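Colleague: Before I ask anything, here is the structure I am working with.
The values are calculated or read from the model by the stated rules, or taken from the named source; none is laboratory data. Since we're looking at a predicted model, the values are computed, not measured. Don't worry about glycine lacking a Cβ; one is built from the backbone with ideal geometry, like all the others, and counts go over all protein chains shown. Protein only, heavy atoms only, side chains kept; ligands, DNA and RNA dropped before computing areas. Shrake-Rupley method; radii C 1.70, N 1.55, O 1.52, S 1.80 Å.
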Amino acid sequence: MEREVVGLAMRAGQILGLPKSVGAIYGLLYLSPRPLTMEQIMGRLRISLGSASQGLRQLRSFKAVRPVYVPGARREHFEAEDQFRKLIGSFFDDEVSAQLDHAGERLGGLTKLIESEPTSNRAWLRQRVEKLEAVNANARRMLTLVSRLLT
């Protein structure tokens with residue numbers, strides 16, 4: 001069972017452009033009835049300290065895992081967020097929104113660059129950039145709708 005859930009989470013992470021280890025860590029923690037230490041995660045998944053550390057850091061930034069206090073334990077323990085609406089909403093707000101912001105900035109730069117192009121090409125280039133800006137604006141609206149549905 002654990003192997004299947006870890007594999008499923010790993011593939012889901014890859015679809016989102018994340019390293020395999022990030023999905024695997026999330027899958028392991030999601031299925032675990034108790035919080036796990038980084039060392040336990042490394043041992044169960046057979047991943048390096050660097051992969052485990054980087055994966056946990058990335059998952060924490062997405063609010064997909066959180067540290068948990070375990071009485072008497074000196075090492076930090078982690079558990080997975082199991083509220084998928086919250087998890088997906090956080091990912092969209094933090095990651096996708098940042099990418100759309102970056103794309104918007106780059107498109108603004110393209111608009112300025114058009115003036116340095118030969119006059120004969122400017123109208124065609126403006127039209128192309130306007131289409132890209134429309135796609136970015138539509139993606140932003142879609143992100144807003146998806147975020148509202150998830151929260």
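Colleague: Exactly one condition in (1) outside any loop (DSSP other than H, G, I, E, B); (2) at positive phi is not met by residue 72; state its number.
Modeller: Among (1) outside any loop (DSSP other than H, G, I, E, B); (2) at positive phi, residue 72 violates only (1).
Colleague: Going by the conditions given, is residue 96 of a type in the set (Val, Ile, Thr), open to solvent by 40 Å² or more (accessible area, probe 1.4 Å) and at pLDDT below 90?
Modeller: Numbers: of a type in the set (Val, Ile, Thr): yes; open to solvent by 40 Å² or more (accessible area, probe 1.4 Å): yes; at pLDDT below 90: yes.
Spelling it out, residue 96 is indeed of a type in the set (Val, Ile, Thr), open to solvent by 40 Å² or more (accessible area, probe 1.4 Å) and at pLDDT below 90.
Colleague: Suppose the filter is among the acidic types (Asp, Glu), open to solvent by less than 80 Å² (accessible area, probe 1.4 Å) and in a helix (DSSP H, G or I); does residue 79 pass it?
Modeller: Numbers: among the acidic types (Asp, Glu): yes; open to solvent by less than 80 Å² (accessible area, probe 1.4 Å): yes; in a helix (DSSP H, G or I): no.
Judged against the criteria, residue 79 is not a match.
Colleague: Something else now. For segment 1-29, name all the residues that are surrounded by fewer than 19 Cβ atoms within 10 Å (Cβ to Cβ) and assigned to a helix (DSSP H, G or I).
Modeller: Residues of segment 1-29 surrounded by fewer than 19 Cβ atoms within 10 Å (Cβ to Cβ): 1-5, 7-8, 11-12, 14-17, 19-20.
Correct list: 2, 3, 4, 5, 7, 8, 11, 12, 14, 15, 20.
Colleague: Against the conditions (1) open to solvent by 40 Å² or more (accessible area, probe 1.4 Å); (2) modelled with pLDDT of 90 or more; (3) within 27 Å of residue 139 (Cβ to Cβ), where does residue 33 fall short? Just the number, please.
Modeller: So residue 33 meets the others, but not (3).
Colleague: Separate question: Return yes when residue 110 is without any contact (Cβ under 8 Å) to a residue 24 or more places away in the chain, assigned to a helix (DSSP H, G or I) and under 30 Å from the mean Cα position of the chain (by Cα) and no when it is not.
Modeller: Working: without any contact (Cβ under 8 Å) to a residue 24 or more places away in the chain: yes; assigned to a helix (DSSP H, G or I): yes; under 30 Å from the mean Cα position of the chain (by Cα): yes.
Yes: the conditions hold for residue 110.
Colleague: Out of the residues in segment 56-74 that are of a type in the set (Lys, Arg) and closer than 15 Å to residue 38 by Cβ, which is surrounded by the fewest Cβ atoms within 10 Å (Cβ to Cβ)? Reasoning before the result, please.
Modeller: Of the residues in segment 56-74, the ones of a type in the set (Lys, Arg) are 57, 60, 63, 66, 74.
Those left that are additionally closer than 15 Å to residue 38 by Cβ: 57, 60, 66, 74.
Numbers: 57: 11, 60: 13, 66: 14, 74: 6.
That would be 74.
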